[in-house]
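Worksheet: the structure to be examined is printed underneath.
Please treat every number below as a calculation from the coordinates, not as lab data. These figures come from a predicted structure and were not determined experimentally. Don't worry about glycine lacking a Cβ; one is built from the backbone with ideal geometry, like all the others, and counts go over all protein chains shown.
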Amino acid sequence: MRSAFGRELGRVIEYHPTIRSTQDRARELARAGVTQPTVVVADQQTAGHGRGEKSWLSEPGASLLASWTFRPAPADPGLFALLAGVAVALALRSFGVADAGLKWPNDVWLSGGKIAGCLAHGTGDHLVIGIGINVSQRELPVEIAATATTLARAGHDIDRLALLARITTELDAVADPANRDAALAEWRRRSITLGRDVEVSEAGGAPFRGRATVLADDGALLVETPYGQHRVIAGEVRVLG
Ligand code: BTN
């Protein structure tokens with residue numbers, strides 16, 4: 001569907017009241033060779049997922065659930081997912097939410113809870129970035145209630161469509177290599193991981209602890225341990241204390 005709103009966004013908008021996952025649908029479009037920049041948006045996902053194939057839970061109509069296609073890929077998926085967190089934080093700033101923090105690799109936090117997550121898939125040929133934001137829920141599922149929050153619970157009443165438009169603009173900005181250094185600097189400035197003691201769990205390895213010190217330009221997190229510096233490119237990082 002190419003609507004007037006889609007023209008304003010510079011993208012085809014594919015809207016679904018309900019879908020299994022906007023990410024799966026956008027990947028399907030990208031793999032099928034669709035060249036027009038597209039954003040797949042839904043009011044509800046029945047099988048939304050996050051990193052590590054964890055479920056992404058959302059109450060119908062209360063979250064921003066969207067996946068954008070890029071062709072060619074603006075960056076490696078890992079780096080772009082991190083930059084997408086910057087895009088979300090900058091979009092929120094335009095609605096008066098100045099204090100969104102970024103947790104490595106691609107979570108957005110507000111008022112002590114996670115409000116958004118970003119997920120990227122792709123090849124050099126194309127990239128799909130999916131973003132889920134908890135917008136207007138007052139209650140959260142018990143599985144995530146201890147760690148997540150919503151914009152509404154943090155005191156912000158933000159229109160999902162307006163947020164979608166602004167995030168699209170900010171994603172296009174962070175996708176531009178000319179803005180890469182500024183976007184990485186913004187991530188470092190908003191980081192709630194750097195300078196903190198963390199526990200890192202990488203696939204297939206035993207968890208280890210250290211101090212997160214540096215975000216490298218490729219998105220890797222450098223962690224100082226008693227045994228030397230460890231470069232983390234994928235994994236779960238828990239901030240301690
Ligand atoms: C994470 O924090 O692990 C990333 C969560 C990404 C969730 C979004 S919601 C829209 C898109 N569709 C999905 O199935 N996942 C992403």
Place a point 7 Å from the Cα of ARG188 along the Cα-to-Cβ direction; which residues of region 196-233 have their backbone N under 17 Å from it? 196, 212-224, 232
With θ set to phi - 60°, apply the Karplus curve 6.51 cos²θ - 1.76 cosθ + 1.60 along region 127-141 and write out the HN-Hα couplings as whole Hz, x wherever there is a Gly or Pro. 9, 10, 10, x, 10, x, 10, 7, 9, 10, 4, 9, 10, 10, x
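Could you work out [θ]222 nm for the chain from helices alone, using -39500 (n - 2.57) per DSSP H run of at least four and dividing by all its residues? Round to the nearest 500 deg cm²/dmol.
Mean residue ellipticity at 222 nm (helix-derived): -7500 deg cm²/dmol.
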Taking a crude spin-label model, label points 7 Å out from Cα along the C-beta direction, the ALA145 to PHE95 distance in nm is 2.4
Note the full-extension length gain between GLN44 and PHE208 as 0.36 nm times their separation in residues minus their Cα-Cα distance, in nm to one decimal. 55.3 nm
Nearest-ten-degree value, helix 22-31 long axis tilted from longest Cα axis of the chain: 80
Any number yet on Rg/Rh for the chain, C-alpha, Kirkwood? 0.95
As an exercise, use a Förster radius of 51 Å and the Cβ-Cβ distance of SER111 and THR35 to find the FRET efficiency, rounded to the nearest 0.05. 0.80
Have a look at the DSSP beta bridges in the chain and tell me what percent are antiparallel, nearest 5. 85
Classify region 138-205: rounded, prolate or oblate, from the alpha-carbon gyration tensor (a ≥ b ≥ c, eigenvalue square roots; a/c under 1.5 rounded; otherwise prolate if a/b is larger than b/c)? oblate
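Give me the number: length gained by fully extending SER55 to THR225, i.e. 0.36 nm times residue separation minus the C-alpha to C-alpha distance, one decimal in nm. Can you show the working numbers first?
Working: separation 170, 0.36 × 170 = 61.20 nm, distance 3.15 nm.
Residue separation times 0.36 nm, minus the Cα-Cα distance, leaves 58.1 nm.
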